[in-house]
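The values are calculated or read from the model by the stated rules, or taken from the named source; none is laboratory data. Source: prediction; values computed, not measured. Cβ placement follows ideal geometry from the backbone for every residue including glycine, while neighbour counts extend to all protein chains displayed.
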Amino acid sequence: MRRIIAAAIVKGEKILIAKRSYGSLADYWEFPGGKVEDNESDESCLKREIMEELKVNLKMEKFLGEQRFCVEDKEYIMALYKAALLDDNFQLSVHREIAWVEKGQILKYKLAPVDELLVHQGCLEELE
């Protein structure tokens, strides 16, 4: 089973979501992140993926939850972590745009299916 790590990047009362620009999730909003490589920790993966996708550094703060899902008969598990930005000079590579949204407004966006499951599971409830 492949492991995916994503970040709920928090700034004040808002959470960053990013809109994919291509692939099967094009035009869906998601918590940015990606697949864990062999012998890579969740923290290393998240820092690497966020640097690749958004060109920013972050600090992982807290595990929020995880969700299992399948795509084309392949099993995955996605873990969501609260994170804080260390800088904010965004340069998007796989996303069309980013948005800072309030926790209560996030389901108004067309979220990727697993991201929506994480929200419904209550993973954002611990964010203050």
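Quickly run through the range 97-115 and pick out the residues that are over 12 Å from the mean Cα position of the chain (by Cα), hydrophobic (A, V, I, L, M, F, W, C) and assigned to a helix (DSSP H, G or I).
Residues satisfying the conditions are Ile106, Leu107.
Among what's in the range 72-96 and is under 21 Å from Ser24 (Cβ atoms) and loosely packed, with under 12 Cβ neighbours inside 10 Å, pick the residue that is nearest to the chain's Cα centre (by Cα).
Ser93
Going through the range 29-71 one residue at a time, which ones are within 16 Å of Asn89 (Cβ to Cβ), in contact with a strand residue (DSSP E or B) (Cβ under 8 Å, 6 or more places away or on another chain) and part of a loop (DSSP other than H, G, I, E, B)?
Pro32, Val56, Asn57
Of all residues being farther than 17 Å from Glu52 by Cα and at pLDDT 95 or above in the range 12-27, which is surrounded by the fewest Cβ atoms within 10 Å (Cβ to Cβ)? Just the residue, please.
Lys14
Just one of (1) among the hydrophobic types (A, V, I, L, M, F, W, C); (2) without any contact (Cβ under 8 Å) to a residue 40 or more places away in the chain; (3) part of a loop (DSSP other than H, G, I, E, B) trips up Leu25, so point out which.
Just one mismatch for Leu25, condition (2).
Give just the number: which of (1) part of a strand (DSSP E or B); (2) in contact with a helix residue (DSSP H, G or I) (Cβ under 6 Å, 6 or more places away or on another chain); (3) within 18 Å of Ser21 (Cα to Cα); (4) hydrophobic (A, V, I, L, M, F, W, C) does Phe90 not satisfy?
Here Phe90 clears every test but (1).
Residue under question is Leu118, and the condition is that it be assigned to a helix (DSSP H, G or I), within 14 Å of Ala7 (Cα to Cα) and either of a type in the set (Ser, Thr, Tyr) or within 14 Å of the chain's Cα centre (by Cα) (or both); does it hold?
Working: assigned to a helix (DSSP H, G or I): yes; within 14 Å of Ala7 (Cα to Cα): yes; either of a type in the set (Ser, Thr, Tyr) or within 14 Å of the chain's Cα centre (by Cα) (or both): yes.
Answer is yes for this residue.
Exactly one of these conditions fails for Trp100: (1) closer than 26 Å to Met1 by Cβ; (2) surrounded by 12 or more Cβ atoms within 10 Å (Cβ to Cβ); (3) not small (Gly, Ala, Ser). Give me its number.
Of everything listed in (1) closer than 26 Å to Met1 by Cβ; (2) surrounded by 12 or more Cβ atoms within 10 Å (Cβ to Cβ); (3) not small (Gly, Ala, Ser), Trp100 misses just condition (1).
Filter the range 72-101 down to the residues that are modelled with pLDDT under 95 and among the acidic types (Asp, Glu), then identify the one that is farthest from Leu54 (Cα to Cα).
The extreme case among them is Asp73.
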